Amino acid sequence: MGKVLIAYSTHEGQSAKVADFIAEVLRGRGLDATVSDLKEARDASPAGYDGVIVGGSIHMGKHDNRMVEYVRSNLEALSAAPSAFFSVSLSSHGEPEEAESYVKNFEEQTGWRPDTVAMFSGGLPYTHMNFIMRHMMKKIVEGKPGSMDTDTSRDYVYTEWDGVRRFAEDFAAQLAPAAS
Ligand SMILES: Cc1cc2nc3c(=O)[nH]c(=O)nc-3n(C[C@H](O)[C@H](O)[C@H](O)COP(=O)(O)O)c2cc1C
């Protein structure tokens, strides 16, 4: 059975949900998927896996340093196995160029060129933010064209799960073409 590692980094939990969802799809395709939070397992080695997926969110214009360090220190193994990267951000919801620039930055920082890259919309976790952050994010959102999601008493989620499913299915097909 093909073994896949999904190593993720999250602040408010949306990337964890994406990682878990991918794992479920892979398991449904007969793969052995392990999900690892880089906060707890910084050194989750990709060695011994047939495929590796790394993903995480954008905060203040950047991917988490923990994830950058993880990729840098496992670059050789990541480049040897079929690999994929997913980036979760608010910009993916309506500002694809900005979302792409975050990914480009990440690739430059790490030197990693994953076989596949996906950008998923995250959300606005207002209720998980402190007072200052909540108001700052509300101001940013108010300045964006067309967005009305400024009720800070609730959270908003924009992740399109069909896109996440397709990403996972494509990855599974790379590992086990006969099963797809
Ligand atoms: C404090 C804070 C800063 C953020 N900064 C950005 C940003 O600069 N660009 C962006 O596209 N999204 C930004 N976001 C949106 C997050 O990427 C989005 O909420 C995502 O779902 C978070 O995923 P996570 O829960 O896995 O950390 C920010 C969110 C928060 C709470």
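Can you name the condition, by its number, that TYR49 falls short on among (1) crowded, with 19+ Cβ neighbours inside 10 Å; (2) in a loop (DSSP other than H, G, I, E, B); (3) within 9 Å of the ligand (Cβ to nearest atom); (4) of a type outside the set (A, V, I, L, M)?
Failing condition for TYR49: (3).
Scan region 35-42 and tell me whether some residue there is surrounded by 14 or more Cβ atoms within 10 Å (Cβ to Cβ), without any contact (Cβ under 8 Å) to a residue 60 or more places away in the chain and under 15 Å from PHE171 (Cβ atoms).
yes
Name the helices (runs of 4 or more DSSP H) wholly within region 89-180 that hold at least 2 residues that are over 20 Å from VAL68 (Cα atoms), open to solvent by less than 30 Å² (accessible area, probe 1.4 Å) and of a type in the set (A, V, I, L, M, F, W, C)?
It comes to 161-175.
So, in region 1-46, exactly how many residues are outside any loop (DSSP other than H, G, I, E, B) and under 17 Å from GLY122 (Cβ atoms)?
Within region 1-46, residues that are outside any loop (DSSP other than H, G, I, E, B) and under 17 Å from GLY122 (Cβ atoms) number 13.
Looking at (1) in contact with a strand residue (DSSP E or B) (Cβ under 6 Å, 6 or more places away or on another chain); (2) more than 9 Å from the ligand (Cβ to nearest atom); (3) touching a residue at least 60 places away in the same chain (Cβ under 8 Å), which is the one condition that is false for GLN14?
Result: GLN14 passes all but (2).
Answer yes or no: is there a residue in region 115-135 that is touching a Pro at 6+ places or on another chain (Cβ under 9 Å), closer than 23 Å to ARG27 by Cβ and either at pLDDT below 90 or more than 13 Å from the ligand (Cβ to nearest atom) (or both).
Looking for residues that are touching a Pro at 6+ places or on another chain (Cβ under 9 Å), closer than 23 Å to ARG27 by Cβ and either at pLDDT below 90 or more than 13 Å from the ligand (Cβ to nearest atom) (or both), one finds at least one in region 115-135, hence yes.
So, in region 52-63, of the ones that are near the ligand (Cβ under 8 Å from one of its atoms) and not hydrophobic (A, V, I, L, M, F, W, C), which residue ends up most open to solvent (accessible area, probe 1.4 Å)?
Filtering region 52-63 for residues that are near the ligand (Cβ under 8 Å from one of its atoms) and not hydrophobic (A, V, I, L, M, F, W, C), the one most open to solvent (accessible area, probe 1.4 Å) comes out as LYS62.
Pairs please, first residue from region 99-112 and assigned by TED's automatic domain parsing to the domain that holds SER87, second anywhere and open to solvent by 40 Å² or more (accessible area, probe 1.4 Å) and β-branched (Val, Ile, Thr), Cβ atoms under 8 Å, 6+ apart in sequence or on different chains.
Cβ pairs passing all conditions: VAL103/VAL117.
Restricting to region 73-99, what's the tally of residues that are within 14 Å of GLY56 (Cα to Cα) and more than 10 Å from the ligand (Cβ to nearest atom)?
3
The values are calculated or read from the model by the stated rules, or taken from the named source; none is laboratory data. Bear in mind that the values here come from a model prediction, so they are computed numbers and not experimental data. Neighbour counts are summed over all protein chains in view; Cβ atoms, including those assigned to glycine, are modelled from backbone coordinates with ideal geometry. Each accessible area value is taken on the protein alone, full model and side chains, heavy atoms only, with ligands, DNA and RNA left out. Shrake-Rupley method; radii C 1.70, N 1.55, O 1.52, S 1.80 Å.
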